[in-house]
Amino acid sequence: MSKRPRETANVGAGLWKATGMWAWLLFRISGLILVFYLGAHIVVISTSQWSEAGKTLNDLMKSFDHPVLVLLDLALVVAVLYHALNGVRVILMDFGVGVKSHKVVYWICMAVVVILFAVFAYVAFSFIATGKGVM
């Protein structure tokens with residue numbers, strides 16, 4: 001018998017306490033969101049050319065100015081940013097970079113997601129409010 005207590009598997013409620021598990025789960029969810037959005041986007045854009053007479057793609061795009069759809073677009077930006085930066089983190093870990101400090105690397109990636117989203121939201125809302133943007 002070993003003098004050291006045996007480590008047990010992280011099962012049950014303890015499984016959801018780990019940062020890596022949440023990173024994995026959110027990575028999969030954001031990937032599914034992007035796949036479904038891409039499919040819906042392709043269907044909407046491709047079927048708009050066969051719509052009734054007088055309804056053009058520009059008319060379709062005007063219907064996307066609804067505030068709920070703008071919020072969904074912002075959620076899409078979060079999903080893209082999270083998925084992209086977490087994907088870079090996973091690739092770096094595959095090459096052995098940041099394996100020992102994966103939690104720190106994860107939280108750095110999340111900070112970058114928040115900063116980039118804040119910049120995007122500022123530009124998007126200033127464009128929506130004024131029609132000119134910030135540039």
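Throughout, read-outs are computed from the coordinates displayed, never taken from laboratory work. Owing to the predicted nature of the structure, the values given are computational and were not obtained by experimental measurement. We place every Cβ from the backbone using ideal geometry, glycine too, and count neighbours over all the protein chains shown.
The order of the peptides 101-108, 34-41 by mean Cβ neighbours within 10 Å, most packed first, is 101-108, 34-41.
Excluding M110 itself, what net charge comes from residues whose Cβ is under 14 Å from its Cβ, given Lys and Arg +1 and Asp and Glu -1? That sum, taken over residues with Cβ under 14 Å, equals +2. Of the chymotrypsin sites (Phe, Trp or Tyr not before Pro) found in segment 55-98, the ones in coil according to DSSP and having at most 14 other Cβ atoms within 10 Å of their Cβ are F95. Run the simple label-point estimate for I115 and V70 please: 7 Å along Cα→C-beta, distance reported in nm. My value for the distance between the label points is 2.7 nm.
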